[in-house]
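To start, the structure under review is shown below, and the notes come after it.
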Amino acid sequence: MKTHLLRSFSALILGLALSGGSASAVTAFTETFNTNASGWLTGNSVAPTYSATGGVGNSGYISFTSTFTSGASGPFGAPPLQTLIRGNASADASGDAFAGNWITSGVTTMTVAVRHNYNQTLNLYARLDAGGGNAASLASTASYAVASDTWTTITIPITNSNPPFLSYGGGDFNSVFGNIQNVQLGFYLPANTTFTDFRIDVDNVSVAVPEPASLGLLAVAGAGIVLRRRRLA
């Protein structure tokens with residue numbers, strides 16, 4: 001009887017270990033805005049509009065509507081851009097879940113769902129800021145295109161190998177991602193254009209880390225088998 005139970009337990013643990021050993025990423029934290037704006041602010045550093053429904057999967061989300069005129073060009077020779085929503089550590093956005101060292105934490109991607117009401121497709125702009133002039137800005141590429149009035153989920157790889165960023169703003173990869181303090185979101189825009197009641201909606205901001213390797217899970221499984229054997233002895 002003891003042998004039968006031990007074999008069953010061992011098979012279960014080993015099966016779980018082998019099935020969980022993929023290289024996919026799991027979400028370490030997701031801000032769903034299901035209750036409130038969670039301390040996030042607009043580009044003008046005031047509270048955004050909070051909606052309890054209408055987000056991705058009809059969840060809560062935050063939004064900001066403003067009227068402004070875009071510039072002639074943006075930094076680094078890019079199109080003009082506008083920061084519209086920000087999650088600052090100084091405002092305790094999401095309980096500072098996004099603030100800190102993304103490198104030692106093993107962050108592999110940042111994901112965000114965005115929507116806008118402009119009549120053309122716009123590219124997402126994301127600025128990940130470590131303060132002191134050290135910031136990484138997301139490149140304007142088709143990979144980050146957001147169509148009008150459509151929730152679009154964008155996944156941004158956090159990597160120093162062919163990074164999708166325009167600049168490290170005077171720092172380098174380690175100085176920026178080793179101390180993230182602000183997550184800022186907006187869009188690249190047509191130049192010299194007046195935007196009347198332009199709206200950005202944001203939902204499901206998340207960061208992800210890699211799953212444990214199969215070897216690590218098997219080590220845990222082995223420890224569990226040993227403990228189970230002792231209890232059955």
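Which strands (runs of 3 or more DSSP E) sit wholly inside the stretch 1-80 and have at least 2 residues that are at pLDDT below 90, of a type in the set (A, V, I, L, M, F, W, C) and open to solvent by 40 Å² or more (accessible area, probe 1.4 Å)? Break it down into steps so the answer makes sense when it comes.
Values: elements: 25-31, 49-51, 61-69.
Ranges flagged: 25-31.
Scan the stretch 161-178 for residues that are open to solvent by less than 70 Å² (accessible area, probe 1.4 Å) and either part of a strand (DSSP E or B) or over 21 Å from GLY43 (Cα atoms) (or both) and jot them down. Across the stretch 161-178, the qualifying residues are PRO163, PRO164, PHE165, GLY171, PHE173, SER175, PHE177, GLY178. Taking the residues in the stretch 181-220 that are among the charged types (D, E, K, R) and at pLDDT 90 or above as candidates, determine which candidate is most open to solvent (accessible area, probe 1.4 Å). Among residues in the stretch 181-220 that are among the charged types (D, E, K, R) and at pLDDT 90 or above, the one most open to solvent (accessible area, probe 1.4 Å) is ASP197.
Could we say that LEU128 is farther than 24 Å from THR35 by Cα and either in contact with a Leu (Cβ under 7 Å, 6 or more places away or on another chain) or without any contact (Cβ under 8 Å) to a residue 24 or more places away in the chain (or both) here? Walk me through it before giving the result.
Details: farther than 24 Å from THR35 by Cα: yes; either in contact with a Leu (Cβ under 7 Å, 6 or more places away or on another chain) or without any contact (Cβ under 8 Å) to a residue 24 or more places away in the chain (or both): no.
So LEU128 fails the test.
Contact annotation: residue pairs with Cβ atoms under 7 Å, 6 or more positions apart or on different chains, pairing a residue in the stretch 64-75 that is closer than 20 Å to TRP40 by Cβ with a partner that is charged (D, E, K, R) and surrounded by fewer than 14 Cβ atoms within 10 Å (Cβ to Cβ), are THR65/ASP197.
Scanning the stretch 81-110 for residues that are in contact with a Pro (Cβ under 8 Å, 6 or more places away or on another chain) and over 16 Å from VAL183 (Cα atoms) turns up just one, GLY106.
Does TYR118 qualify as being among the aromatic types (Phe, Trp, Tyr) and more than 14 Å from the chain's Cα centre (by Cα)?
Yes, satisfied.
Right, GLY132: more than 24 Å from PRO48 (Cβ to Cβ) and in contact with a Gly (Cβ under 8 Å, 6 or more places away or on another chain) or not? Taking the combined requirement at face value, the residue satisfies it. Taking the criterion of being within 19 Å of the chain's Cα centre (by Cα) and polar (S, T, N, Q), the residues of the stretch 26-69 that qualify are THR27, THR30, THR32, ASN34, THR35, ASN36, SER38, THR42, SER59, SER63. Selection of the stretch 184-197 for residues being part of a strand (DSSP E or B) and either closer than 19 Å to TYR144 by Cα or polar (S, T, N, Q) (or both) yields GLN184, LEU185, GLY186, PHE187, TYR188, THR194, THR196. A search for C-beta distances below 8 Å between a residue of the stretch 137-162 that is without any contact (Cβ under 8 Å) to a residue 24 or more places away in the chain and over 24 Å from TYR61 (Cβ atoms) and any residue that is open to solvent by less than 40 Å² (accessible area, probe 1.4 Å) and not acidic (Asp, Glu), counting only pairs 6+ apart in sequence or on different chains, returns THR141/ASN123; THR141/PRO164; ALA142/ASN123; ASN160/PHE173.
Does THR155 satisfy the criteria of being under 19 Å from ILE180 (Cα atoms) and surrounded by fewer than 17 Cβ atoms within 10 Å (Cβ to Cβ)? Break it down into steps so the answer makes sense when it comes.
On the way: under 19 Å from ILE180 (Cα atoms): yes; surrounded by fewer than 17 Cβ atoms within 10 Å (Cβ to Cβ): yes.
Taking the combined requirement at face value, the residue satisfies it.
Scanning the stretch 134-149 turns up one or more residues that are surrounded by 15 or more Cβ atoms within 10 Å (Cβ to Cβ), closer than 17 Å to ASP201 by Cα and not charged (D, E, K, R).
The values are calculated or read from the model by the stated rules, or taken from the named source; none is laboratory data. Just so it is clear, the structure is predicted and the values come from calculations on it, not from any experiment. Cβ coordinates were reconstructed from backbone atoms using ideal geometry, including for glycine residues, and neighbour counts include every protein chain displayed. Side chains included, ligands, DNA and RNA excluded: accessible areas come from the protein's heavy atoms. Shrake-Rupley method; radii C 1.70, N 1.55, O 1.52, S 1.80 Å.
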